[in-house]
Amino acid sequence: MKIRVLTQIDFMFKKIIVAFVIVISFSGCLKNKEQKCTYDSCAYSAPASEIQAIQNYLTSHNITNAVQHCSGLFYVIDTLGTGDQPASCSLVTVNYVGSLVDGTVFDHGTDFTIGLNQVIAGWTNGVPLIKEGGKIHLYIPPSLGYGSQPYGSIPGNSILIFDIHLTTAY
């Protein structure tokens, strides 16, 4: 039985191979800034009954400045922001609070980073309406949120309200 003694060259070769594998692995994660996002935020619209439910909520809470998005989402921009504006497939960092129409907070996050193609359609459609530094309120119909199925502490068919501060768009 022959035992091979590893030399300094063998160690260096292994380090080069490992570094090469790491670079190749992460290069697939980098996004080309020129790459176009092909998501169509108006391709699907919430049913009229969900839109009406949000309009009823807004009226009952004297929210008169909400704008209806083509998807049925309603939003109020508090601050547009001045930095980069994300696309619907961008990676973003946000501070947010999510609540139900009865005021129950079901989620919140600080310095939360995620791809807008990895979240509910309400976020994918709404967050790109502002720029870095911007703040927006989203009123999301169930079909652009979690739909008819319960999700954690969120009952099925819930209108979702998010207060979002976009800190960074990548």
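Every read-out reported here was derived from the displayed coordinates using simple, explicitly stated rules and does not represent laboratory data. Small disclaimer: the values here were computed from a predicted structure and weren't measured. Reconstructed Cβ throughout: ideal geometry from the backbone, glycine too, with neighbour counts over all protein chains shown.
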With the condition kept exactly as written, say whether any residue in region 124-146 is at positive phi and surrounded by 15 or more Cβ atoms within 10 Å (Cβ to Cβ).
yes
Among the residues of region 46-78, count how many are buried (at least 18 other Cβ atoms within 10 Å of the Cβ) and of a type in the set (Ser, Thr, Tyr).
2
Looking at the structure I just gave you, is Ala121 surrounded by 15 or more Cβ atoms within 10 Å (Cβ to Cβ), more than 22 Å from Ile63 (Cα to Cα) and in contact with a helix residue (DSSP H, G or I) (Cβ under 7 Å, 6 or more places away or on another chain)?
yes
Among the candidates Val105, Val76, single out the residue that is β-branched (Val, Ile, Thr) and out of contact with any His (no Cβ under 9 Å at 6 or more places or on another chain).
Val105
